[in-house]
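The values are calculated or read from the model by the stated rules, or taken from the named source; none is laboratory data. Remember, predicted model here, so these are calculated numbers, not experimental data. Note that we place each Cβ from the backbone using ideal geometry, even for glycine, and neighbour counts take in every protein chain shown.
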């Protein structure tokens, strides 16, 4: 899974961008304790009986299965449960509406309080206002099968790229690279998230013309996809948001920008807490799943694996595309990834979603 947001320090605008403007204690669980954590983290999950939601602890599927493409080769979509989950999530949020604030809601100069730092504020800039959608990018959209692609190294050597691309709608997280990993992660992108910290971590804070061009190339490769930018979560990322917006406008990048509503995070967390899943702050992956229930019939998850080893004990990179390590602790991390994974695993077992954690079978 991927982190939703880092509370970054403030940065000055890189010289490359100035030139453009002038011219225009959860440690991630190791093999030794992975199973004990998975089997001991307390959680209760939404289940169904006579169309009523109630809480019931659900055991995990067998973690040692070596079958391809999931925990077990047998999986049946449970449409009744999927529809029930959608119905109950709609009591907390409507992803069609909450996926983005709209141009009609704000005007340039309006003050916004950060969601996780209410004492700090930012303003709606002219550039940001220009990129606000006039209607929801998901208005009247509905898809039979959707893929949500997390960024775990479990995807490496999975050969899942073609299968991922076969879905009707593909959601990716944090502008993760795809071209050089296409065989495993696919190329198709319908919606991609971009935390402000991505500009720093993946594109060196745009500190040279080379990194600016790499960033622009990645944006241009989206070709009309929805670019979902959580711009109002916490103070520290506002400069990076403005840099990205300026480049999108300067290069007339063909993306449909979206900026999540100010109530979305708390609504998503509220839904899961009500169902006794004691998350602190939802990861991007869990957030995308929760929203996708609004416009997807079947939801398939790839690259969701918050552990340093796979079921066979082989090392798994934190992200498939970089060298970040599993260094978070329960006190420092805003997320509870093993608990989220346990929750999604139980929903997989019940047929509400499909969680793919092994190699994909190539079509014959």
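The residues of the range 115-131 that are part of a loop (DSSP other than H, G, I, E, B) and surrounded by 12 or more Cβ atoms within 10 Å (Cβ to Cβ), listed by number, are 115, 116, 117, 120, 124, 125.
Here residue 258 fits the description: at pLDDT 95 or above and either buried (at least 22 other Cβ atoms within 10 Å of the Cβ) or on the phi > 0 side of the Ramachandran plot (or both).
Looking at the range 188-203, is at least one residue under 24 Å from residue 309 (Cα atoms), modelled with pLDDT of 95 or more and within 19 Å of the chain's Cα centre (by Cα)? Looking through the range 188-203, none of the residues is under 24 Å from residue 309 (Cα atoms), modelled with pLDDT of 95 or more and within 19 Å of the chain's Cα centre (by Cα).
Every residue, every condition in (1) touching a strand residue (DSSP E or B) at 6+ places or on another chain (Cβ under 8 Å); (2) more than 22 Å from residue 303 (Cβ to Cβ), yes or no:
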| residue | (1), (2) |
| --- | --- |
| 205 | no, yes |
| 210 | no, yes |
| 218 | no, no |
| 230 | yes, no |
| 240 | no, yes |
| 253 | no, yes |
| 266 | no, yes |
| 285 | yes, no |
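Reported count of residues in the range 261-290, each being surrounded by fewer than 16 Cβ atoms within 10 Å (Cβ to Cβ) and touching a helix residue (DSSP H, G or I) at 6+ places or on another chain (Cβ under 9 Å), is 4.
Just to confirm my filter: which helices (runs of 4 or more DSSP H) fall fully inside the range 132-233 and include at least 1 residues that are closer than 14 Å to residue 256 by Cα? If you could, list the steps in order and put the result at the bottom.
On the way: elements: 161-165, 182-185, 197-203, 209-220.
Because the criterion is at least 1 residues that are closer than 14 Å to residue 256 by Cα, the helices (runs of 4 or more DSSP H) in the range 132-233 that meet it are 209-220.
Does residue 242 count as surrounded by fewer than 24 Cβ atoms within 10 Å (Cβ to Cβ), touching a helix residue (DSSP H, G or I) at 6+ places or on another chain (Cβ under 9 Å) and closer than 20 Å to residue 198 by Cα? Answer is yes for this residue.
Filter the range 97-114 down to the residues that are out of contact with any helix residue (DSSP H, G or I) (no Cβ under 6 Å at 6 or more places or on another chain) and either surrounded by 19 or more Cβ atoms within 10 Å (Cβ to Cβ) or part of a loop (DSSP other than H, G, I, E, B) (or both) and list them by number.
So in the range 97-114, the residues out of contact with any helix residue (DSSP H, G or I) (no Cβ under 6 Å at 6 or more places or on another chain) come out as 97, 99-107, 109-114.
Within the range 97-114, 99, 100, 101, 102, 103, 104, 105, 106, 107, 109, 110, 114 qualify.
Looking at (1) farther than 30 Å from residue 156 by Cα; (2) at pLDDT below 95, which is the only condition residue 70 fails? Status for residue 70: all satisfied but (1).
Is at least one residue of the range 88-95 under 25 Å from residue 295 (Cα atoms), in contact with a helix residue (DSSP H, G or I) (Cβ under 6 Å, 6 or more places away or on another chain) and either part of a loop (DSSP other than H, G, I, E, B) or modelled with pLDDT under 95 (or both)? Even if it seems obvious, please write down each step before you answer.
To start, the set of residues in the range 88-95 that are under 25 Å from residue 295 (Cα atoms) comprises 88-95.
The next check asks that each one be in contact with a helix residue (DSSP H, G or I) (Cβ under 6 Å, 6 or more places away or on another chain); those that pass are 89, 92-93, 95.
Those left that are additionally either part of a loop (DSSP other than H, G, I, E, B) or modelled with pLDDT under 95 (or both): 92-93.
Looking through the range 88-95, at least one residue is under 25 Å from residue 295 (Cα atoms), in contact with a helix residue (DSSP H, G or I) (Cβ under 6 Å, 6 or more places away or on another chain) and either part of a loop (DSSP other than H, G, I, E, B) or modelled with pLDDT under 95 (or both).
When we screen 293, 336, 283 for residues that are within 18 Å of the chain's Cα centre (by Cα) and at pLDDT 95 or above, the only hit is 293.
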